[in-house]
1. Rounding to the nearest 20 debye, state how big the charge dipole of region 23-137 is about its Cα centre with +1 on each Lys and Arg Cβ and -1 on each Asp and Glu Cβ.
2. Farthest toward the dipole's positive end in the chain, which of Val112, Ala101, Val169, given Cβ charges of +1 (Lys, Arg) and -1 (Asp, Glu) about the Cα centre?
3. Take the alpha carbon atoms of region 20-181, find their radius of gyration, then divide it by 2.2 N^0.38 Å using N residues; give the quotient.
4. With runs of 4+ DSSP H residues as the only contributors, calculate the mean residue ellipticity of the chain at 222 nm using -39,500 (n - 2.57) per run, divided by the residue total and rounded to the nearest 500.
5. So what's the net charge close to Gly92: Lys and Arg +1, Asp and Glu -1, counting the other residues with Cβ under 15 Å from its Cβ?
6. For Met81 paired with Arg22, estimate the spin-label separation in nm (one decimal), with each label point 7 Å from Cα along the Cα-to-Cβ line.
7. Which one, Gly136, Gly180, Gly68, projects farthest toward the positive side of the charge dipole computed for the chain from Cβ point charges (K/R +1, D/E -1)?
8. Can you give me the angle between helix 139-148 and the longest principal axis of the chain, using Cα atoms only, in degrees from 0 to 90, rounded to the nearest 10?
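A short reminder: the numbers here are calculations on the coordinates, not readings from a lab. Quick caveat, the model's predicted, so the values are computed rather than measured. Counting neighbours? That spans all protein chains shown, and the Cβs are built from the backbone with ideal geometry, glycine included.
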Amino acid sequence: MRGLLFALLFAGAGAHAQTVTREEGLAAWERIYAVASHPRCTNCHVGAQQEPMWEGLHYKAGTPHGMGVKADGSRIGAESMPCRTCHVTAEGRNVASPAPAQIDDAWRLPPVEMDWLGEDSASVCAQLRDPERNDGSDIADLVVHLETSAFVAWGFAPGPGRSVPPGSVAQIAADVDLWGAAGSPCQ
Ligand code: HEC
Ligand code: HEC
């Protein structure tokens, strides 16, 4: 009984309580990349093109955001048509496509360095573990972001008419923790 109790306590203490092998880290990375490369994430995680995407919706592959929307250097369209014109900041997570998604945060593109659109596993992996290119985050910061970001929460519950990435918010947060404990291996 006491042994079981200790096992449960250690299981709850997270990946760092035990040794995580490189293989386990690489397997966790594969699951992370399956999410990061999904259109619910890559439609926002675009690079210098400054143009969000409408992939994985009811348009043909590679369709950029309609109506000539540009994010510009501000990443919120401040120079032309702000995202908030249509993507209202309000709880409304299950709004169906083709209505504009709305969340309880300002809808915007991430920094240019967080470009995942069309990037292979090795590139996204190298970017995500580099604080110079991941918004200054260490592994713990990434886990907190995944657990608390309104964007990530929306990605896993985007409402009718939109496909969802594999797993869940809790799963990708746990996988990033595991990947970090293994030394963030890429290949
Ligand atoms: C509406 C656009 C949008 C969507 C959709 C989106 N993100 Fe992001 N993401 C951002 C922004 C903006 C940032 C920069 C940090 C911030 O401002 O919160 C970011 C940053 C991140 C970061 C870096 C964390 C950090 O510390 O800055 C990770 C990891 C991330 N996103 C994961 C995801 C995943 C996984 C998905 C899909 C399930 C996703 N994002 C979907 C906008 C988006
Ligand atoms: C004129 C209204 C309008 C403006 C302005 C606008 N959007 Fe959109 N956006 C939409 C609509 C409508 C959809 C849903 C399309 C669909 O589901 O068929 C959408 C969808 C999206 C998607 C895809 C979401 C998904 O399901 O994967 C992203 C990403 C996005 N917008 C980003 C932005 C960003 C970033 C800005 C500001 C730079 C912006 N939008 C400005 C109307 C707008």
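1. Its charge dipole is roughly 480 debye.
2. Towards the positive end, the residue furthest out is Ala101.
3. 1.02
4. Helices in the chain give a 222 nm mean residue ellipticity of -10500 deg cm²/dmol.
5. 0
6. Taking the two extended label points, one gets 5.1 nm.
7. The residue sitting most towards the positive pole is Gly68.
8. 60
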